[in-house]
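Trainee: I'd like to ask you about the structure that follows.
The values are calculated or read from the model by the stated rules, or taken from the named source; none is laboratory data. The shown structure was predicted, so the numbers you read here are calculated from the model rather than taken from an experiment. Don't worry about glycine lacking a Cβ; one is built from the backbone with ideal geometry, like all the others, and counts go over all protein chains shown.
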Amino acid sequence: MSDLAQVSPRAFRWARRRASAAGFWRSLRRDKLALTSLVVLVLFVVLAVVAPWVSNRADFNVINTGDNPVWAKPSGQYLLGTDNYGRSVALQVLWGARVSLFVGVAATVLTIVLGTLVGISAGFFGGWIDAVLMRITDWFLVIPFLPFAIVLASVLGRSLWNIVFVIGITSWPSTARLVRSQVLSLRERLYVDRARALGGGRAHIIGRHILPNVTPLVLASTTLAVPISILTETTLAFLGLGDPTDVSWGGILDQARTAAAVTTNRWWYYLPPGVAIIMVVLAFTIFGRALEAILDPRLRDR
Amino acid sequence: MSEPVLSVTNVQVQFGGGSVRAVDTVSLEVGRGEVVALVGESGCGKTTLIRSIIGLEPLAAGSIAVEGRPVGRGRGLRALRRKVQMIFQDPTGALNPRHSIYEAVAEGLRIHKVKGHEPTLVAEALASAGLRPPERYLRRFPHELSGGQRQRVLIAAAMALGPTLLLADEPVASLDASIRGEILALMRSFVDTRGVSIVAVTHDLGLAWNIADRVAVMYLGRIVEVGPTEEVLRAPKHPYTQALLSVVPEIEGLEQQILTGETPDPSRMPSGCRFHPRCPLVASGEAERLGIVDRCRGVDLELEPEVGAHRVACHAVRA
């Protein structure tokens with residue numbers, strides 16, 4: 001106990017956090033598939049972040065590409081060839097990653113925050129709070145998603161933030177329901193009774209017992225919401241509802257379709273953004289599942 | 001007896017919007033350093049009673065006072081809760097699986113902002129509950145411990161707050177027979193060394209015999225007999241207590257009485273003495289011979305009002 005007496009509570013807490021972080025990394029290293037997914041995700045994020053430093057946004061602006069060859073096949077000069085305006089596809093995909101990832105993450109954050117807030121309030125407090133919140137949730141849940149998103153996107157105007165808003169506002173209800181059902185079961189647990197018997201108030205119980213126990217669920221939901229958000233952004237951009245001043249993967253696919261790249265078999269235009277979407281979506285999903293398994297101590301060491 | 005640590009006065013707990021009285025007008029006092037066992041069949045309201053003492057079930061009527069101060073609502077409640085701690089039947093369910101043993105014990109210390117060096121307090125609490133050396137347990141998680149060790153963690157967490165009253169809901173029912181004695185001895189040691197009082201709920205009369213100073217027998221939400229352990233278990237007066245004891249193999253000299261039928265549905269409480277539909281005295285005609293059978297069927301009764309050590313709620317005993 002002598003070595004215990006020398007450390008401060010804060011140092012002790014940090015030591016425990018470091019230990020759990022190390023344990024987390026150890027578990028992750030054993031899961032090769034999750035590690036590969038993480039590498040893929042990091043790669044895409046790095047590419048998206050460094051895009052402005054390694055390339056120039058103006059290089060694939062139509063007014064600057066008049067001298068470029070059109071429909072050039074992939075080569076040393078144009079890694080992924082060029083499109084019908086002579087724009088480099090590689091550059092478009094690179095810059096598209098920025099928009100797709102940003103929308104995916106931002107819309108997910110909005111979804112998760114709204115959904116968790118509503119879900120915990122409804123599940124924990126119950127009664128009329130639950131009834132009111134769940135009717136609102138139902139209302140959003142029964143609205144057909146795509147028509148509503150299209151209407152909202154066209155009413156609000158075609159900007160990046162509006163896309164984020166549209167995705168967030170239409171996808172939080174499922175998270176809310178998921179979280180609520182978990183909270184309903186959690187609040188009846190014996191350890192919640194024990195926390196109350198110890199003298200803990202509502203804030204303590206929500207903060208220490210309810211929230212940490214819905215986190216894995218929320219994380220799993222998050223890692224599924226990111227790819228869904230990316231796909232939704234792709235869908236909306238493909239339908240011509242994206243931000244016209246920005247290039248996103250869905251937008252590239254839309255332009256590839258308009259330029260008849262598919263029927264003329266110019267695969268280098270539609271394949272790269274499609275593969276990028278699939279890779280990011282798949283990596284997020286696999287990594288999310290692995291994360292969930294690691295963060296639940298009962299699933300660990302089995 | 002000096003000022004009681006706990007006094008429960010005419011407490012009622014209702015479920016189902018008042019249709020079921022799980023605890024119906026119960027009064028009980030517990031002195032300092034006293035161990036009281038609440039015994040009875042399952043469904044008699046003994047767990048509900050101690051849950052109401054710690055505030056997990058709202059009172060429909062009556063009052064509860066700890067060290068003479070009534071337990072109310074709001075701010076005073078938190079300070080009072082530090083005085084009363086509870087351990088549970090199922091130590092696995094009572095520990096959050098995501099919290100390490102350190103966090104489980106520190107939880108109460110943080111809620112009540114106990115002064116002192118937290119890691120030291122936690123380690124001392126674990127050591128006092130027999131988890132030695134404590135450093136070995138701090139970083140572990142509940143699923144890595146045995147049932148007995150988990151119960152020790154709960155006891156450590158409860159005792160870390162220095163309570164004057166420890167409520168125990170079937171503290172050893174879920175444990176191996178070989179561990180039970182150790183846990184009971186541990187609880188008893190806190191009575192001797194720290195003067196804590198214990199109210200232990202159990203259906204095991206042997207447990208009551210081993211650690212309790214007094215025994216209270218509950219039937220359908222009421223205490224039907226209360227008194228010193230020796231007297232109640234050696235010379236039970238209430239026919240229900242007699243029937244309970246007669247089926248304990250270690251106790252000889254009582255004719256075995258198997259109670260027929262289930263405990264009645266508490267939402268349709270029998271009139272009169274609530275035990276009379278199953279009472280062997282009524283069934284055998286003994287009550288009729290004593291001329292009290294009409295009272296058994298029609299007159300509700302509580303514990304004898306006169307203050308004595310050994311009190312019973314039975315028309316036959318009063319006749």
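Trainee: Being free of Cβ contacts under 8 Å to residues at least 40 places away in the same chain, more than 29 Å from B:P277 (Cα to Cα) and among the small types (G, A, S) is true for just one of B:A235, B:A177, B:A157. Which residue is that? Spell out the reasoning first.
Mentor: Numbers: B:A235 fails: more than 29 Å from B:P277 (Cα to Cα); B:A157 fails: free of Cβ contacts under 8 Å to residues at least 40 places away in the same chain.
Going through B:A235, B:A177, B:A157 in turn, just one is free of Cβ contacts under 8 Å to residues at least 40 places away in the same chain, more than 29 Å from B:P277 (Cα to Cα) and among the small types (G, A, S): B:A177.
Trainee: I'd like the residue in the stretch B:126-177 that is basic (K, R) and surrounded by fewer than 20 Cβ atoms within 10 Å (Cβ to Cβ) and, out of all such residues, is nearest to the chain's Cα centre (by Cα). Walk me through how you get there before you give the answer.
Mentor: Initial filter on the stretch B:126-177 (basic (K, R)): B:132, B:136, B:139-140, B:150, B:152.
Right, trim to surrounded by fewer than 20 Cβ atoms within 10 Å (Cβ to Cβ) and you get B:132, B:136, B:139-140.
Values: B:R132: 29, B:R136: 32, B:R139: 32, B:R140: 30 Å.
Taking the candidates together, the pick is B:R132.
Trainee: Follow-up. For the condition of a type in the set (V, I, T) and either within 12 Å of chain A (Cβ to nearest Cβ) or out of contact with any strand residue (DSSP E or B) (no Cβ under 6 Å at 6 or more places or on another chain) (or both), what is the one hit in B:T25, B:T47, B:T9?
Mentor: It is B:T47.
Trainee: Oh, and also: Could you list, ordered by first residue, the pairs with Cβ atoms under 8 Å in which the first is in the stretch A:174-196 and within 14 Å of another protein chain (Cβ to nearest Cβ) and the second is in a helix (DSSP H, G or I) and at pLDDT below 90, at least 6 apart or interchain?
Mentor: A:Q182/A:N213; A:Q182/A:V214; A:Q182/A:L217; A:L186/A:N213; A:L186/A:V214
Trainee: I've got another one for you. How many residues does the stretch B:12-43 hold that are under 13 Å from B:L220 (Cβ atoms) and of a type in the set (S, T, Y)?
Mentor: 2
Trainee: Taking B:L56, is it modelled with pLDDT of 90 or more, within 8 Å of chain A (Cβ to nearest Cβ) and more than 14 Å from B:V199 (Cα to Cα)? Show your work before the answer.
Mentor: Working: modelled with pLDDT of 90 or more: no; within 8 Å of chain A (Cβ to nearest Cβ): yes; more than 14 Å from B:V199 (Cα to Cα): yes.
No, not satisfied.
Trainee: For B:C279, indicate whether it is within 30 Å of B:S19 (Cβ to Cβ), in contact with a Pro (Cβ under 7 Å, 6 or more places away or on another chain) and in contact (Cβ under 8 Å) with a residue 60 or more places away in the chain.
Mentor: For B:C279, the condition - within 30 Å of B:S19 (Cβ to Cβ), in contact with a Pro (Cβ under 7 Å, 6 or more places away or on another chain) and in contact (Cβ under 8 Å) with a residue 60 or more places away in the chain - is not met.
Trainee: Here are the criteria: (1) of a type in the set (K, R); (2) surrounded by fewer than 18 Cβ atoms within 10 Å (Cβ to Cβ); (3) closer than 28 Å to A:L282 by Cβ. Tell me which single one A:R177 does not satisfy.
Mentor: Just one mismatch for A:R177, condition (2).
Trainee: When you scan the stretch B:294-311, do you find a residue that is in contact (Cβ under 8 Å) with a residue 12 or more places away in the chain and in a strand (DSSP E or B), even just one?
Mentor: Yes - at least one qualifying residue is present in the stretch B:294-311.
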